[in-house]
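Read through the structure below, which is laid out as structure tokens, and then see the notes.
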Amino acid sequence: MSEFLELSAAGPVATLTINRPAKRNAMSYDMWSALPGLMAEVDADESVRVLVIRGGDHFSAGADIAEFSTLRRGAEGAAHYGEAVHAGERAIVGLSKPTIAAISGFCVGGGCEIALACDIRIAAADARFGITPAKLGIVYSFTSTKQLVAAVGPAWAKQILFSADLIDAPTALRIGLVNEVADALDTRVKELSEQIAARARVSVRGAKSIINSIADGGHEDDAVRALYAEAASSADYAEGVTAFLEKRPPRF
């Protein structure tokens, strides 16, 4: 694991904090490489229902460019480095539990890649977004480009990638890059994460799986129908119906 990634939990909500303030939370190779193990830890913890990923003053200013002349040098080094980035990003996307990116300050390059891998993005008013491979002679990966297109559509994805410009939080909200801009980021993220954590796990897990399948071009199939069957026979369903009939909040 990386010393700059801190995983903690408060009740059903876990928080992964990117904590490298001296470099505006730039992601090193070791940090990218640590993400799959951290996501596996969150997935295995039955007490955790939601994961929040956050930074501090800045979410993340992107990849650690200082490593590009060493670890990422040449075609072979670039491919090896890219594999670590891809595995980290895919680990976040593949987490079975809901993920929320709490974004303040710079969310650029690899930082934006992490945010886009999350299910929901909540931004502070000071957040700034950009994806800047066009400044470095890099071609953005297929899967991460797909995440961007899914969020903002092809036209804005092209503008973001072609220009490598930074955009502000109101623009990010308008184009669909973030779900909300919050005046009190911590308060809103806590409220939303706890609200999701209180919902039926079988419903949230099923919704995430189906939505991801739709985004990947999938259709209703046996795997989806199995989710329906699982829900219908679950303790969550029994509790939800009982709570409704008894006119009380459900306790999932």
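The values are calculated or read from the model by the stated rules, or taken from the named source; none is laboratory data. The shown structure was predicted, so the numbers you read here are calculated from the model rather than taken from an experiment. Note that each Cβ is placed from the backbone with ideal geometry, even for glycine, and that neighbours are counted across all protein chains shown. Areas reflect the complete protein model, heavy atoms only, side chains present, ligands, DNA and RNA absent. Shrake-Rupley method; radii C 1.70, N 1.55, O 1.52, S 1.80 Å.
Check off (1) surrounded by 17 or more Cβ atoms within 10 Å (Cβ to Cβ); (2) touching a Lys or Arg at 6+ places or on another chain (Cβ under 7 Å); (3) over 25 Å from Pro12 (Cβ atoms) for Val181 and give me the number that stays unchecked. For Val181, the exception is condition (2).
What about Ala10, is it farther than 20 Å from Glu113 by Cβ, open to solvent by less than 10 Å² (accessible area, probe 1.4 Å) and either at pLDDT 95 or above or over 14 Å from the mean Cα position of the chain (by Cα) (or both)? Considered against the rule, which asks whether it is farther than 20 Å from Glu113 by Cβ, open to solvent by less than 10 Å² (accessible area, probe 1.4 Å) and either at pLDDT 95 or above or over 14 Å from the mean Cα position of the chain (by Cα) (or both), Ala10 comes out as no. Would you check if there is a residue in segment 142-163 being closer than 23 Å to His58 by Cα and touching a Ser or Thr at 6+ places or on another chain (Cβ under 8 Å)? Within segment 142-163, one or more residues are closer than 23 Å to His58 by Cα and touching a Ser or Thr at 6+ places or on another chain (Cβ under 8 Å).
Scanning segment 239-252 for residues that are surrounded by 12 or more Cβ atoms within 10 Å (Cβ to Cβ) and of a type in the set (A, V, I, L, M, F, W, C) yields Ala243, Phe252. Of the residues making up segment 208-224, none is modelled with pLDDT of 95 or more and farther than 26 Å from Gly153 by Cβ. Screening Ile138 against (1) at pLDDT 95 or above; (2) within 27 Å of Val85 (Cβ to Cβ); (3) open to solvent by 20 Å² or more (accessible area, probe 1.4 Å) leaves a single unmet condition, (1).
When Val224 is tested against (1) open to solvent by 70 Å² or more (accessible area, probe 1.4 Å); (2) not assigned by the TED database to the domain that holds Ile131, only condition (1) is not met. Listed by first and then second residue, the pairs linking a residue in segment 146-166 that is touching a residue at least 24 places away in the same chain (Cβ under 8 Å) and closer than 19 Å to Val93 by Cβ to a residue that is in a helix (DSSP H, G or I) and among the small types (Gly, Ala, Ser), with Cβ atoms under 6 Å apart and 6 or more places separating them unless they lie on different chains, are Leu148/Ala157; Ala150/Ala215. The condition of being assigned by the TED database to the domain that holds Val178 and open to solvent by less than 10 Å² (accessible area, probe 1.4 Å) holds for only one of Ser144, Ser104, Ser47, Ser96, that being Ser144. Return a yes/no flag: does segment 64-79 have any residue that is open to solvent by 50 Å² or more (accessible area, probe 1.4 Å), touching a helix residue (DSSP H, G or I) at 6+ places or on another chain (Cβ under 6 Å) and either over 17 Å from Lys208 (Cα atoms) or not assigned by the TED database to the domain that holds Asp216 (or both). Within segment 64-79 (the criterion being open to solvent by 50 Å² or more (accessible area, probe 1.4 Å), touching a helix residue (DSSP H, G or I) at 6+ places or on another chain (Cβ under 6 Å) and either over 17 Å from Lys208 (Cα atoms) or not assigned by the TED database to the domain that holds Asp216 (or both)), the answer is yes, since at least one residue qualifies.
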